[in-house]
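The values are calculated or read from the model by the stated rules, or taken from the named source; none is laboratory data. Fair warning: this is a prediction, and the values are worked out from it, not measured in the lab. Because the Cβ atoms are built from the backbone with ideal geometry, glycine has one as well, and the counts that use them run over all protein chains shown.
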Amino acid sequence: MSSSFGIDISALLAFQQAISVTSNNVANASTPGYDEESIQLGEATPQESGGVPIGAGVDVNGVTRAYSQSAANQLNGSQSALGQLNSLQNYTSQIDNLFGTTAAGLTSALQNYYNGWSTVADDPTSAAARQALLGDANGLASNINSTSTQLNALNSDVNTRIVGDVQQINSIGASIAKLNQQIESNQGTGQTPNQLLDQRDQLVSSLSQLVGVTSTTNTNGSINVFIGSGQPLVVDGATTTLTTIQNQFNATQLEISSSNSNGNSISNQITSGDLGGLLAARTQAIDPALSQLGQIATVIAQSANTQQGSGLNLNGQLGANLFSVGGPTATASSANTDNTTAKVSIANIGQLTSNNYILTYSGGAYSLTNAATGASVALTGAGTAVNPLKAAGLSIVLSGTPASGDEFLIQPTAQAAGTLSVTLTDPSGVAAAGAIATSAADTNTGTATIGSGTVVNAANPNLLNTTTIKFLTPTTYSVNGAGSFAYTSGGNISLNGWQVAISGAPAAGDVFTVRSNGSGSGDNTNALAFANQQSQGVLSNGTVSISGALGALISNSGSQAAQVNSAQTAQSAVNSQAQTNLQSVSGVNLDQEAANLLQWQQAYQASAQALSVANTLFTSLLDSVRSS
């Protein structure tokens, strides 16, 4: 009879615990990170009775959780990829909106500036038109400055968020390490600490949203957590702390380091999660946009200043610069071992790119690589004042011979957009007239004609000197009474920084003159040349115009944003499926729990009934013994 009591009581206790486990599942059905639990029942060890083994009831062997490491890994991986795309999308969409707003935006400002030159060309002596042009120039510079400021603000935001992510990662790492210690201490109890395991898995899941995560499980129940491309964050109960450091070339940009990386950056090893997206946004979207905008600002300024110097203002003088803009920069790495500096200037505007470069001196030789791709760039020269290094339209002069291993960041246009400004304030200083005038003598008897001529070197001190071209024969001519030069119809004659073309059949004794245009107050030659700059090939060896470069910048920003949006949408679907997969394994099914609850309730009631029967039988047995 005692065995019946024992069996029934074990069943009551077991089913009571089963009801508790099921109730706990229902209570935590919406708790993030909770894994469904199941009670594990086992037959109690039978007891011998007269040589016959009799069942001894039921034992509770433990409570297990429904967990799939592979499903969790899949979800964590998808969250890291989605976190990176979410962060990158945040910035590419902002840049797209910044460049894509045409109303009062860059496109309109550039068009207004060139329309201003057309207006001046229509009435070169109009003070109002000249003043309006300067206003349009200031509007263009201000718009480019403002866009640069907003892009730099995005870089500052990236820094702020990097600091926040690093703090969160360190906090999560410390919490995982603490849970590791608690889980390890529970190993000797014989019971699986499901709640602690759920908490730890939830922390790893949260960490995967910030940075790419992999993990391994130790025999003591603890886990090792690695981030990025294998950087340890948690090993058993110990943590590695992430820190932020200044970029070796740009102190305003933060990089990622760790307590075991000796102060070196590990940013290039972090490519996923929100942190990876922040780093990608800076290197793939914000910095390239700044450099491309700076390239446009540089070309606008240099083209305008060259054209100004090729014409005459209302005072009959060669035009002064219209714009000022910051030039290329070269920044020595903070890791350099000497004080050698580099100075960079633009040698060929047509070859100028928006790429940044790393100049390295090693083994007695210089090398240049694209900072974004690492691709090698052709480099010539020795880096001296008389023999500068030359590449990609740049001229680089070193103050001395660097130490082996020294590096310099070359940024041709990164600073230009924020520094563009209008330096010309006097409307009369607008050089609307051509610098030179050409004429044919009235006494000429041939049919040859002379073109208006163009300025090719405004810095030539003899540019405005009067030059006489006299034909000695129909096929030869002298210049200012000297020499005998062969004549080719339509060929350019170059001298004193200008070139002209004479076409047709001259006669011996015919005279043509190139001279200063004087005040040129009614001339619009240079203003027309200014207006044509908008569509004139300047960049990429004369194949891309200023308008084309701006159009490409706007188009590229829109294309990049669209590509990131598309990738984000696809990854969101992958992430949703991964969540569904994990939920199907570990999530609480309320319908199933309701069925389980009914099952355990009925089993409990049956056990209680059995206990009641056993009690009645036992009472009857006692009564019969007493009556006898």
Query raised in the report: Looking only at the range 87-106, which residues are modelled with pLDDT under 90, more than 15 Å from Ala417 (Cβ to Cβ) and either of a type in the set (D, E, K, R) or part of a helix (DSSP H, G or I) (or both)?
Result: Gly100
Requested in this report: Answer yes if at least one residue in the range 369-383 is in contact (Cβ under 8 Å) with a residue 24 or more places away in the chain and either of a type in the set (A, V, I, L, M) or under 29 Å from Asn517 (Cα atoms) (or both), and no otherwise.
Outcome: yes
Report task. State whether one or more residues within the range 35-57 are within 30 Å of Leu140 (Cα to Cα), aliphatic (A, V, I, L, M) and either outside any strand (DSSP E or B) or in contact with a helix residue (DSSP H, G or I) (Cβ under 6 Å, 6 or more places away or on another chain) (or both). Result -> no
Report task. Sort through Thr243, Thr252 and tell me the only one that's modelled with pLDDT under 95 and of a type in the set (Val, Ile, Thr). Result -> Thr252
**Report entry** Checking Leu463 against (1) assigned to a loop (DSSP other than H, G, I, E, B); (2) out of contact with any Phe, Trp or Tyr (no Cβ under 9 Å at 6 or more places or on another chain), the condition it does not meet
**Finding:** (2)
Query raised in the report: Do we find that Leu210 is in contact with a Gly (Cβ under 6 Å, 6 or more places away or on another chain), at pLDDT 95 or above and buried (at least 21 other Cβ atoms within 10 Å of the Cβ) in this structure?
Result: yes
Report summary line: If we ask which residues in the range 408-428 are assigned to a strand (DSSP E or B) and surrounded by 19 or more Cβ atoms within 10 Å (Cβ to Cβ), their number turns out to be 5
Query - Residue that is farthest from Ala289 (Cα to Cα), among those in the range 332-365 that are buried (at least 20 other Cβ atoms within 10 Å of the Cβ) and hydroxyl-bearing (Ser, Thr, Tyr) - result: Tyr361
Query raised in the report: If the Cβ limit is 7 Å and pairs must be 6+ apart or interchain, which residue in the range 65-83 that is free of Cβ contacts under 8 Å to residues at least 60 places away in the same chain pairs with which residue that is surrounded by 21 or more Cβ atoms within 10 Å (Cβ to Cβ) and not in a loop (DSSP other than H, G, I, E, B)?
Result: none
Query raised in the report: Is the range 478-487 home to any residue that is among the aromatic types (Phe, Trp, Tyr), without any contact (Cβ under 8 Å) to a residue 60 or more places away in the chain and in a strand (DSSP E or B)?
Result: yes
